[in-house]
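So the structure is just underneath, and the comments pick up after that.
The values are calculated or read from the model by the stated rules, or taken from the named source; none is laboratory data. Given the structure is predicted, the values throughout are model-derived calculations rather than measurements. Here Cβ is always computed from backbone atoms with ideal geometry, including for glycine, and neighbour counts include all displayed protein chains. For the accessible areas, the whole protein counts, side chains as well, though only heavy atoms, and no ligand, DNA or RNA atoms are used. Shrake-Rupley method; radii C 1.70, N 1.55, O 1.52, S 1.80 Å.
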Amino acid sequence: MVDRDAGLLFPAPDGETYPEIAARVSGWLADTAADHGDRLVIMHGISSRVLRGVMTNAADTPGYGAPAAPGLPQGSVVMIDRGIESVVHLGLGHAPA
């Protein structure tokens, strides 16, 4: 089910919550912080929105307990450099995620 105001999916009853997604992607960022060079990350919509929110230090989305960047069409490519997000390619895919 979709929260039309936030553009986010409601978690499944036994599914991963938004704070759990934020903790998972934050853990990965911390684990790889010392790695040299750029990262190429390919993700599904909701997890990518939370990762982008975490990386840009966005405020928590009201009612979700975690940050989530705005949705983008499938196939979009962004670059996040020092907390600033730039859209490199705006995808032509279906609904934003």
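Sorted on the mean count of surrounding Cβ atoms within 10 Å across their residues, most packed first, peptides 83-93, 26-36 read 83-93, 26-36. Solvent-accessible area per residue in the chain equals 68 Å², computed with a 1.4 angstrom probe and all protein chains kept.
Fully extending the segment from residue 12 to residue 24 would add 2.6 nm, taking 0.36 nm per residue of separation and subtracting the current Cα-Cα distance. Between the range 46-69 and the range 6-30, the C-alpha centres lie 9 angstrom from each other.
Amide H contacts of residue 8 (H built 1.01 Å from N, in plane; Pro and chain starts excluded): 3 sit under 5 Å, all sequence-distant by 5 or more or on other chains.
Counted by Cβ distance under 15 Å from residue 38, the other residues give a net charge of -1, where Lys and Arg count +1 and Asp and Glu count -1. With each label modelled as a point 7 angstrom along the Cα→C-beta vector, the residue 5-residue 56 pair spans 2.1 nm.
Restricting the trypsin sites (Lys or Arg not before Pro) of the range 15-97 to loop positions (DSSP other than H, G, I, E, B) with no more than 14 neighbouring Cβ atoms within 10 Å leaves 39, 82.
Simple spin-label estimate for residue 41 and residue 74 gives 2.1 nm between the two label positions (7 Å along the Cα-to-Cβ direction from each Cα). The stretch between residue 33 and residue 81 holds 15.9 nm of extra length on full extension. This uses 0.36 nm per residue minus the Cα-Cα distance. Sum up the charges of everything whose Cβ sits under 12 Å from the Cβ of residue 51, counting Lys and Arg as +1 and Asp and Glu as -1, but leave residue 51 out. So the environment of residue 51 carries a net charge of +3. Based on C-alpha pairs under 8 angstrom that are at least 6 apart in sequence, the chain has a relative contact order of 23 percent.
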